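The values are calculated or read from the model by the stated rules, or taken from the named source; none is laboratory data. Remember, predicted model here, so these are calculated numbers, not experimental data. Please note: Cβ atoms are built from the backbone with ideal geometry, for glycine as well, and neighbour counts cover all protein chains shown.
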Amino acid sequence: MTFYSVRLPKFELLTPRTVAEAADLLASHGEKTAIVAGGTDLIPAMRKRERTPEFVLSLRGVPGLDRIEQRDGQTVLGPLVTLNQVKDSSVIRDSYCVLAEAADRFANNQVRNMATVAGNLCNSSCCADTSSPLIVLGAQVKLKSSKGERTVPVEKLCQTVFKPTLRKDELLTEISIPKPAPNTVGTYLKYTLPGATGYSFVGVAATLTVEGKLCRDARIALVASSQCWLREGCLYECPFPFHATEAEAALKGKGRDDGAIQKAADVAAQTAHPMVNTDYTREMIKVFTRRALLQAWDKAKERGLA
């Protein structure tokens with residue numbers, strides 16, 4: 001059983017008023033600093049003394065970071081955009097339903113009111129619900145430090161569990177999502193073990209671009225977790241999220257064909273690399289990839305595309 005301390009460890013709160021000031025503070029204090037947006041991951045970790053930063057840098061005082069904007073043909077999420085904002089946004093629901101569905105299935109309403117998409121990505125959990133939808137959507141993040149800024153695909157940001165490819169002096173300042181191709185549909189499904197408090201055992205994001213009743217493009221990405229870290233801490237370098245490119249190839253040029261869908265699901269399970277409970281995890285990847293693809297095709301049929 002894990003015991004929580006009621007009190008947080010001592011720390012100094014940093015409250016910048018601009019992104020540039022935040023980057024300068026991060027450069028000054030370095031590895032002693034933790035960045036807080038929603039705090040749904042950081043605060044419990046501090047109470048359990050898993051993290052004991054000397055400084056906590058809050059972005060809440062920087063105006064404009066909680067906006068969802070349309071810019072240069074893309075949709076841009078600020079680092080303080082919450083999961084409920086994403087779930088309730090008409091722009092996200094209409095153009096990026098795979099992300100809206102992931103947000104809707106995230107934890108519970110109380111957590112979604114605080115938890116941010118940026119925080120979910122930067123925590124780099126092996127079961128982060130937003131990472132696989134953002135991968136299939138081709139999203140990128142902008143990372144800023146006092147030395148400059150760079151843009152990184154979400155797929156490259158989240159490669160190792162709890163270790164994002166984010167330097168200690170960098171903070172995520174925006175997530176940009178390109179507009180999907182016309183006639184693109186998608187869905188997100190997750191499977192949660194009983195008692196796992198909403199954490200994904202398997203989460204599958206899938207999009208299909210359909211033309212002439214054929215799949216012209218497919219994107220599949222997934223997260224999977226043995227949940228072992230809930231019991232004993234994370235002991236394995238789970239290689240998720242996983243972009244199932246070989247599974248995508250099985251769908252391209254095909255219609256709503258049960259054989260092609262099953263093959264894609266089989267390939268996704270075969271090419272994924274779960275570290276423990278491998279047989280059961282692969283079976284759940286297969287089951288939920290197939291279900292996600294079937295639901296995506298059902299959406300295409302509803303729109304008269306299939």
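Taking residues in the range 251-276 that are on the phi > 0 side of the Ramachandran plot, and partners anywhere that are modelled with pLDDT of 95 or more and not acidic (Asp, Glu), the pairs with Cβ atoms closer than 8 Å and at least 6 places apart or on different chains are Gly253/Leu214; Gly253/Cys215; Gly253/Arg216. Can we say Thr52 is among the hydroxyl-bearing types (Ser, Thr, Tyr) and under 15 Å from the mean Cα position of the chain (by Cα)? In short, no.
Can you tell which of Leu166, Leu157, Leu171 is in contact with a strand residue (DSSP E or B) (Cβ under 9 Å, 6 or more places away or on another chain) and closer than 18 Å to Val223 by Cα?
Values: Leu166 fails: closer than 18 Å to Val223 by Cα; Leu171 fails: closer than 18 Å to Val223 by Cα.
Testing whether each residue is in contact with a strand residue (DSSP E or B) (Cβ under 9 Å, 6 or more places away or on another chain) and closer than 18 Å to Val223 by Cα leaves just Leu157.
Only residues that are crowded, with 21+ Cβ neighbours inside 10 Å and either of a type in the set (D, E, K, R) or more than 15 Å from Lys190 (Cβ to Cβ) (or both) were counted in the range 113-131, giving 8.
Going by the conditions given, is Ala100 of a type in the set (A, V, I, L, M) and under 14 Å from the mean Cα position of the chain (by Cα)? Criteria met by Ala100. On the stretch given as the range 58-90, residues that are part of a loop (DSSP other than H, G, I, E, B) and out of contact with any Gly (no Cβ under 7 Å at 6 or more places or on another chain) total 11.
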